[in-house]
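The structure under discussion appears below in the form of C-alpha cells.
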C-alpha cells in the first residue's frame, strides 16, 4: 500500500507531552513541515520559550536553544547576527511573548531582525495553572480572574498582531487559527510565507496562531475548537496585518 | 614597542578585539559608555558587529544566542545594568556557554551614583543570579592589565565553557595610561562542536538548554558544574605580591584600590614600617594560598581595603582562618579611599602591634 | 620627579585635552604618566577637571588628592582646590577670569591672562594650552618641544589646522612664565 502521508523530517521521533485537544501539536507539525519543505532543516536554529512549549527543543528536529521566559527574540537575534545565513525561528506563547517578553518582541520587530516568530495565543497561561494572560478575553474566567476578566481591574486583551504591524521593521504579520482543517491549511501557508520572508531578508515576520487550551478553559476538545471560533476570532480577527510591499 | 595613551574603557574594547571577539551587545550606562562607543567604531573595521539592545536583559540574552552560535562575544555594563543581567548569566552558566561580561562598578545600592565603587564584589564572585554557579572574575589594576586580562578572560571562557566577568571601577574605566599593544596575540578558540549552528555536516542535533526537569538529572548537571569550578580553583588563582615577603602588615586590595595601597606600602616603608601588598587578580577563584602563607609567616596583621563595606574581607578572613587579626578600611557610596586614610589605618595597626 | 597636576575650569575650556597633551608629551619622553578626569553631570557646563601625573617612577595611584600643581582656569576652580595644593606647590591661575590673588602663602603662584593671550592668537579655545606652556616652563617636568610635537598625536587629523595656534599658545605661556621669573620663589 502506498504511503500517503508520513512524519515530517522536521519533527523528532518523540511523543508530545501536550494535553488532549491542545493544538500545540498541530502548530509544531506545521512549522516542522514548512522548514522541511523549504529545504532548510540543516541550517535552522529554533528558540523555544518558557511555557507549555518549553520542551519544544525535544520535538523540532533541528538545532534548538531553550531561552529564558520572554527572551527568545533576543536569543534569536544573537544567533542570527552571528550566523546570517541560518534560518532562525522563535516559538512563543502569549505569556512569554506578550507579557514578560513584550520589549524583546517589539524591538526585534523594530530592528527588522530576519527571524520568524510563531506566536501561539490561547488566551491563558497553561503551564503554570490557567492564570490570566495578556490575551485573556474580557469576562473569561481564569484562576487569577475567577469572576471573569474585568477591564476595570485587569485591563484589556492585547492585540499583538495589530500592534506589531505598526512597526516599520516588521515585514509580514498575520493571524491564523488551527480550529478547522481549512484554517489549518491557511496557517500552513502563512508559516511558509513567514519563513520565505526571512529567507528573502525582508525583515521580521510574525505568525500569530489562535490555539486551544481545553484543560484550562474547562472545555472538551470539540468545545474548545468551537470556543476559538465563537469567542476568540471575534476579538482576534484572522488575516494579514502586514505583507511585504511587493505583494500588496 | 610603541606606546599609546588609552582610556580604560577603550582598552576593554581593544582587548576584546585582540582576543578575537567580533560581537558585542550592550545597553548604555555611565560610567562604561566609552566601551560601547569604542566598539561601535572598532568592530565594523574588523568585520564584527556592535548592536545596541533595548535593555540589559535583552543584551545578555543576545550574548546567550551569539555564544550558543559559537561566537566569541562580550557585553559590558555598570552595576544596576549588571543586576538586570543576572538572570541571563545564570542561564548561560547552566547552559555552559562561553562569554565575557565587563562590569565597571559604580556607587550603589539602587540607582546610587556614577562614582567609582567595588560594591558588586559579592554579586560577582558568589554567583549573582539564582542557583549554584560561579564565574571566574578578573580584576585588572592598570590599563595595560585590562588588555592582557580581557584576552585571558576569553581564553578562560572557552576553556571552561563558562561566562567570565571582568570588573573595574569608574576610575579604571575613565583613566588614561600608556599601553604597549605589541602584535596581536595568536587567537585560536577551541572547536565548538556543541554550538547550535544548524545540523549541516553533523549526525545529531545540538540543543543548548538549562532545563532539567528530573532532579536526578539536574543534580548530575550541578555535580559536573561543581567539578568544573573545582578545576578552576586548582588552576586559575592569580595574584600579585608587592614587598610582601618580610611585611608584618599585609594590605589586601584589588583593582584601583590596590594601586592606592601600593603608594601606602612605599610611604610606610620609607617611614620604617614593614608593610606589603597582596593583590588578588582573580577574585574568583580567590587566591587564598599567599594569604594563608603570610598568616603562618612574617605577617602579624592584615588590612583589607575596599571601596565597599567589607565584602572581599570575608574571603580574606576565610584564607587567614583566625591565625592573625584581619582589619578593614573601606569607603562606600562612590567615595574613593585616599592614601592618607589608609596610611592612618596602617599606623594604628602598627601601634597596636608594638 | 613626580608632578601631580590638577587642571580645573569650565566645561568647554579645553581642560581635558590640555591634560591629555601633557600626558602624551610625558609618555613620548619615556616618563610614566596617567590622566584621569572627573566625570559625570559636572562635565556639562559646570566645573571640569582632570588630574595628570608625570613621573620618572611607576605611578601607583593615578588619583591626585594633593596636587603639586593646580592650574585653575576659573574662580570656582581656584576656590575649590586652592587648599588642596601641596605646601611648596605651584598655583597657576587664569588672571583673565580670576580677579583675586590665591590666599595660600606657602605656594608659588603665577597669574597668566590666558584668555587675552588666546584671543590675541585668534582662538579662545587655546587658553588652557597657554597655561600648560607656563606650567612646563616653571616646572621643567617635560620639555616644551615634546608638547609642541605631541599636538599632532592628540589632535585628531581634522583638527590639525589648529596646530599652529596651539603651538603659539604653548610658546606664549612659556614666555610669560619665563619673563615673570617665577621658578622657585613665592612671587605674587
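Look at residue B:188 and say whether it is more than 30 Å from residue C:51 (Cα to Cα), crowded, with 19+ Cβ neighbours inside 10 Å and either touching a strand residue (DSSP E or B) at 6+ places or on another chain (Cβ under 6 Å) or away from chain A (no Cβ under 14 Å) (or both).
Judged against the criteria, residue B:188 is not a match.
From the list B:114, B:60, B:82, B:146, exactly one residue is touching a residue at least 60 places away in the same chain (Cβ under 8 Å) and surrounded by 24 or more Cβ atoms within 10 Å (Cβ to Cβ). Which is it?
The match here is B:146.
Could you tell me whether segment B:156-171 includes any residue that is modelled with pLDDT of 95 or more, within 14 Å of another protein chain (Cβ to nearest Cβ) and more than 15 Å from the chain's Cα centre (by Cα)?
No, segment B:156-171 contains no residue that is modelled with pLDDT of 95 or more, within 14 Å of another protein chain (Cβ to nearest Cβ) and more than 15 Å from the chain's Cα centre (by Cα).
Within segment B:241-289, track down each residue that is without any contact (Cβ under 8 Å) to a residue 60 or more places away in the chain, in a helix (DSSP H, G or I) and more than 10 Å from chain C (Cβ to nearest Cβ).
B:269, B:270, B:288, B:289
Is one or more of the residues making up segment B:26-37 closer than 20 Å to residue B:95 by Cα, in contact with a helix residue (DSSP H, G or I) (Cβ under 6 Å, 6 or more places away or on another chain) and buried (at least 24 other Cβ atoms within 10 Å of the Cβ)?
No, that holds for no residue.
Kindly evaluate residue B:2 against the criterion of being surrounded by fewer than 18 Cβ atoms within 10 Å (Cβ to Cβ), under 24 Å from residue C:24 (Cα atoms) and within 14 Å of another protein chain (Cβ to nearest Cβ).
yes
Scan segment C:43-56 and tell me whether some residue there is within 14 Å of chain B (Cβ to nearest Cβ), touching a strand residue (DSSP E or B) at 6+ places or on another chain (Cβ under 6 Å), without any contact (Cβ under 8 Å) to a residue 40 or more places away in the chain and under 27 Å from residue B:257 (Cβ atoms).
No, segment C:43-56 has no match at all.
Restricting to segment B:290-303, name every residue that is surrounded by fewer than 22 Cβ atoms within 10 Å (Cβ to Cβ) and either part of a loop (DSSP other than H, G, I, E, B) or out of contact with any strand residue (DSSP E or B) (no Cβ under 6 Å at 6 or more places or on another chain) (or both).
B:292, B:293, B:296, B:297, B:298, B:300
If residue B:54 passes every condition in (1) part of a loop (DSSP other than H, G, I, E, B); (2) surrounded by 24 or more Cβ atoms within 10 Å (Cβ to Cβ); (3) within 14 Å of chain A (Cβ to nearest Cβ) but one, which one does it miss?
Condition not satisfied by residue B:54: (2).
Within segment B:200-207, is there a residue that is assigned to a strand (DSSP E or B), over 26 Å from the mean Cα position of the chain (by Cα) and closer than 30 Å to residue A:85 by Cβ?
Among the residues of segment B:200-207, at least one is assigned to a strand (DSSP E or B), over 26 Å from the mean Cα position of the chain (by Cα) and closer than 30 Å to residue A:85 by Cβ, which makes the answer yes.
Quick test for you: out of C:97, C:92, C:78, C:110, pick the one residue that is more than 26 Å from residue B:169 (Cα to Cα), more than 9 Å from chain B (Cβ to nearest Cβ) and in a loop (DSSP other than H, G, I, E, B).
Being more than 26 Å from residue B:169 (Cα to Cα), more than 9 Å from chain B (Cβ to nearest Cβ) and in a loop (DSSP other than H, G, I, E, B) holds for just one of C:97, C:92, C:78, C:110, which is C:97.
Taking the options B:99, B:94, name whichever one is within 21 Å of residue B:159 (Cβ to Cβ), modelled with pLDDT of 95 or more and buried (at least 24 other Cβ atoms within 10 Å of the Cβ).
B:99
Tell me, yes or no, whether segment B:172-182 has at least one residue that is surrounded by fewer than 18 Cβ atoms within 10 Å (Cβ to Cβ), touching a helix residue (DSSP H, G or I) at 6+ places or on another chain (Cβ under 9 Å), part of a loop (DSSP other than H, G, I, E, B) and within 14 Å of chain A (Cβ to nearest Cβ).
For segment B:172-182, residues surrounded by fewer than 18 Cβ atoms within 10 Å (Cβ to Cβ), touching a helix residue (DSSP H, G or I) at 6+ places or on another chain (Cβ under 9 Å), part of a loop (DSSP other than H, G, I, E, B) and within 14 Å of chain A (Cβ to nearest Cβ): absent.
With the structure loaded, tell me whether residue B:112 is farther than 27 Å from residue B:239 by Cβ, within 14 Å of another protein chain (Cβ to nearest Cβ) and either outside any loop (DSSP other than H, G, I, E, B) or under 13 Å from the mean Cα position of the chain (by Cα) (or both) or whether it fails that test.
no
Among (1) surrounded by 24 or more Cβ atoms within 10 Å (Cβ to Cβ); (2) part of a helix (DSSP H, G or I); (3) under 15 Å from the mean Cα position of the chain (by Cα), where does residue A:74 come up short?
Residue A:74 satisfies every listed condition except (3).
Could you tell me whether any residue of segment C:101-110 is farther than 21 Å from residue C:66 by Cβ and either surrounded by 18 or more Cβ atoms within 10 Å (Cβ to Cβ) or without any contact (Cβ under 8 Å) to a residue 60 or more places away in the chain (or both)?
The answer is no, given that none of the residues of segment C:101-110 is farther than 21 Å from residue C:66 by Cβ and either surrounded by 18 or more Cβ atoms within 10 Å (Cβ to Cβ) or without any contact (Cβ under 8 Å) to a residue 60 or more places away in the chain (or both).
Read through the list (1) closer than 30 Å to residue B:277 by Cβ; (2) within 14 Å of chain B (Cβ to nearest Cβ); (3) in contact with a helix residue (DSSP H, G or I) (Cβ under 7 Å, 6 or more places away or on another chain); (4) touching a residue at least 60 places away in the same chain (Cβ under 8 Å), then give the number of the only condition that residue C:60 fails.
Answer for residue C:60: the failing condition is (4).
In this structure, does residue B:35 turn out to be modelled with pLDDT of 95 or more, touching a strand residue (DSSP E or B) at 6+ places or on another chain (Cβ under 8 Å), within 14 Å of chain A (Cβ to nearest Cβ) and not in a loop (DSSP other than H, G, I, E, B)?
No, not satisfied.
If we keep just the residues of segment B:67-79 that are closer than 18 Å to residue A:64 by Cβ and out of contact with any strand residue (DSSP E or B) (no Cβ under 6 Å at 6 or more places or on another chain), which is surrounded by the fewest Cβ atoms within 10 Å (Cβ to Cβ)?
B:70
Can you confirm whether segment A:87-109 contains a residue that is assigned to a loop (DSSP other than H, G, I, E, B) and touching a strand residue (DSSP E or B) at 6+ places or on another chain (Cβ under 6 Å)?
No, segment A:87-109 contains no residue that is assigned to a loop (DSSP other than H, G, I, E, B) and touching a strand residue (DSSP E or B) at 6+ places or on another chain (Cβ under 6 Å).
Working only within segment A:68-92, note down all residues that are under 25 Å from residue A:126 (Cα atoms) and within 7 Å of chain B (Cβ to nearest Cβ).
A:68, A:71, A:74, A:75, A:76
Give segment A:23-47 a look and list any residue that's crowded, with 22+ Cβ neighbours inside 10 Å, over 22 Å from residue A:212 (Cα atoms) and more than 8 Å from every other protein chain (Cβ to nearest Cβ), or say none.
Of everything in segment A:23-47, those that are crowded, with 22+ Cβ neighbours inside 10 Å, over 22 Å from residue A:212 (Cα atoms) and more than 8 Å from every other protein chain (Cβ to nearest Cβ) turn out to be A:35, A:46.
Can you tell me which residues in segment A:48-58 are more than 7 Å from chain B (Cβ to nearest Cβ), within 15 Å of the chain's Cα centre (by Cα) and either in contact (Cβ under 8 Å) with a residue 40 or more places away in the chain or closer than 15 Å to residue A:211 by Cβ (or both)?
Result: A:48, A:49, A:50, A:51, A:52, A:53, A:56.
The values are calculated or read from the model by the stated rules, or taken from the named source; none is laboratory data. Please read these numbers as outputs of a predicted model, since none were measured by experiment. As a convention, Cβ positions derive from the backbone with ideal geometry for all residues, glycine included, and neighbour counts pool all protein chains shown.
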